[in-house]
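First the structure, then my questions, so here it is.
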Amino acid sequence: MTSVLLFAGSVRRGAFSRRLAAAAGLAVARCGGKPTMINLADYEAPLYNADIEDSDSIPQRVLDFRRLVATHDALCLATPEYNGGMTPILLNMFCWASRPSPTDDFGAVFQGKPVALMASSPGRLGGVRVIPRLRDAVCELGMVPVPGFASVGNAAQAFSENGDLGDEQLAQGLNGLVQRLVNRAG
Ligand SMILES: Cc1cc2nc3c(=O)[nH]c(=O)nc-3n(C[C@H](O)[C@H](O)[C@H](O)COP(=O)(O)O)c2cc1C
């Protein structure tokens, strides 16, 4: 069974991007995959500074995150855009987790990992401007994005009570994206 690690680029309580990641998790299960949803707040690390790495080594929470990435077949990311770009918490985690650790054997942990990209915003454009920037970042880390993306605008009204996307076309787009991810990773 294909295992998929899902997380959001926001740790805000009630974050729309976390709801989008959760909706993708439902789609993973429907595709026969095994979703694991995490909150980056549980893996919080200091702002990356090479002096911290040199003196204290890589924080345990980052090592825990690296293990999760390494032990899943694929990743699924949902994020808001901040000023059209990536959120600091996501970028910070990418920086930390990209550092090879002398205490684990996972090496370049993102290398070759299939990934699906999603964005959301309470605004009309659905955070879509972050997608090319996120795609560049994940490719630089060695991940392999599946074609397409999901973008959810007016996110405050986008989700139904069971956690799925209310709009049929958006829901179908998300299902297709997740199906491609599960197919690629399987
Ligand atoms: C620093 C900052 C920059 C933002 N820039 C954008 C933006 O460029 N485009 C946009 O649609 N929303 C922007 N927003 C609004 C966020 O989309 C909104 O706060 C959203 O709810 C955050 O995502 P979340 O619900 O997943 O926490 C910004 C918010 C912050 C705090």
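Give the residues of region 76-105 that are of a type in the set (Ser, Thr, Tyr), at pLDDT 95 or above and not in a strand (DSSP E or B), sorted by residue number.
First pass over region 76-105, keeping only residues of a type in the set (Ser, Thr, Tyr): 79, 82, 87, 98, 101, 103.
So of that shortlist, the ones also at pLDDT 95 or above come out as 79, 82, 87, 98.
Of everything in region 76-105, those that are of a type in the set (Ser, Thr, Tyr), at pLDDT 95 or above and not in a strand (DSSP E or B) turn out to be THR87, SER98.
Please verify whether VAL182 is surrounded by 21 or more Cβ atoms within 10 Å (Cβ to Cβ) and closer than 20 Å to PHE94 by Cβ, treating the condition exactly as stated. Break it down stepwise before answering.
Values: surrounded by 21 or more Cβ atoms within 10 Å (Cβ to Cβ): yes; closer than 20 Å to PHE94 by Cβ: no.
So VAL182 does not fit the description; no.
Please identify the pairs in which a residue from region 147-168 that is in contact (Cβ under 8 Å) with a residue 12 or more places away in the chain and under 18 Å from GLY127 (Cβ atoms) has its Cβ atom under 7 Å from the Cβ atom of a residue that is aromatic (Phe, Trp, Tyr) and part of a strand (DSSP E or B), counting only partners at least 6 apart or on another chain.
LEU165/PHE159
Taking the conditions exactly as written (in contact with a Phe, Trp or Tyr (Cβ under 7 Å, 6 or more places away or on another chain), of a type outside the set (A, V, I, L, M, F, W, C), in a loop (DSSP other than H, G, I, E, B) and in contact (Cβ under 8 Å) with a residue 40 or more places away in the chain), does PRO122 satisfy them or not? Walk me through how you get there before you give the answer.
On the way: in contact with a Phe, Trp or Tyr (Cβ under 7 Å, 6 or more places away or on another chain): yes; of a type outside the set (A, V, I, L, M, F, W, C): yes; in a loop (DSSP other than H, G, I, E, B): yes; in contact (Cβ under 8 Å) with a residue 40 or more places away in the chain: yes.
In short, yes.
Identify all residues within region 35-74 that are within 14 Å of the chain's Cα centre (by Cα) and not in a helix (DSSP H, G or I); write none if there are none.
PRO35, THR36, MET37, ILE38, ASN39, HIS72, ASP73, ALA74
Here's a follow-up. Can you tell me which residues in region 74-86 are crowded, with 23+ Cβ neighbours inside 10 Å and within 10 Å of the ligand (Cβ to nearest atom)?
ALA78, THR79, PRO80, GLU81
Would you please name the residue that is farthest from ALA97 (Cα to Cα), looking only at residues in region 1-19 that are outside any loop (DSSP other than H, G, I, E, B) and touching a helix residue (DSSP H, G or I) at 6+ places or on another chain (Cβ under 7 Å)? Walk me through it before giving the result.
First, the residues of region 1-19 that are outside any loop (DSSP other than H, G, I, E, B): 3-8, 16-19.
From the residues that got through so far, the ones that are touching a helix residue (DSSP H, G or I) at 6+ places or on another chain (Cβ under 7 Å) too are 4-8, 16.
Numbers: VAL4: 18, LEU5: 15, LEU6: 16, PHE7: 14, ALA8: 15, PHE16: 24 Å.
Within region 1-19, the match that is farthest from ALA97 (Cα to Cα) is PHE16.
When you check ALA116 against the structure, is it part of a helix (DSSP H, G or I), more than 15 Å from the ligand (Cβ to nearest atom), among the small types (Gly, Ala, Ser) and surrounded by 14 or more Cβ atoms within 10 Å (Cβ to Cβ), yes or no?
Details: part of a helix (DSSP H, G or I): no; more than 15 Å from the ligand (Cβ to nearest atom): yes; among the small types (Gly, Ala, Ser): yes; surrounded by 14 or more Cβ atoms within 10 Å (Cβ to Cβ): yes.
It is false that ALA116 is part of a helix (DSSP H, G or I), more than 15 Å from the ligand (Cβ to nearest atom), among the small types (Gly, Ala, Ser) and surrounded by 14 or more Cβ atoms within 10 Å (Cβ to Cβ).
Name every residue in region 125-146 that is without any contact (Cβ under 8 Å) to a residue 40 or more places away in the chain, part of a loop (DSSP other than H, G, I, E, B) and over 17 Å from ALA21 (Cα atoms), in order of residue number.
Within region 125-146, LEU125, GLY142 meet the criteria.
Could you list, in sequence order, all residues of region 149-186 that are closer than 25 Å to ALA108 by Cβ, part of a loop (DSSP other than H, G, I, E, B) and in contact with a strand residue (DSSP E or B) (Cβ under 8 Å, 6 or more places away or on another chain)?
Correct list: PHE149 only.
Would you point out the residue of region 30-61, among those that are free of Cβ contacts under 8 Å to residues at least 40 places away in the same chain and of a type in the set (Ser, Thr, Tyr), that is surrounded by the fewest Cβ atoms within 10 Å (Cβ to Cβ)?
Among those that are free of Cβ contacts under 8 Å to residues at least 40 places away in the same chain and of a type in the set (Ser, Thr, Tyr), it is SER55.
From the list ALA97, ALA119, pick out the single residue that is in contact with a helix residue (DSSP H, G or I) (Cβ under 9 Å, 6 or more places away or on another chain) and under 16 Å from VAL69 (Cβ atoms). First the steps, then the outcome.
On the way: ALA119 fails: under 16 Å from VAL69 (Cβ atoms).
Selected residue: ALA97, the only one of ALA97, ALA119 that is in contact with a helix residue (DSSP H, G or I) (Cβ under 9 Å, 6 or more places away or on another chain) and under 16 Å from VAL69 (Cβ atoms).
Out of curiosity, is PHE110 closer than 14 Å to ALA8 by Cα, more than 16 Å from the ligand (Cβ to nearest atom) and at pLDDT 95 or above? Lay out the reasoning, then the answer.
Details: closer than 14 Å to ALA8 by Cα: no; more than 16 Å from the ligand (Cβ to nearest atom): yes; at pLDDT 95 or above: yes.
Judged against the criteria, PHE110 is not a match.
The values are calculated or read from the model by the stated rules, or taken from the named source; none is laboratory data. Only a predicted model underlies this, so the values are computations on that prediction, with no experimental measurement involved. Here Cβ is always computed from backbone atoms with ideal geometry, including for glycine, and neighbour counts include all displayed protein chains.
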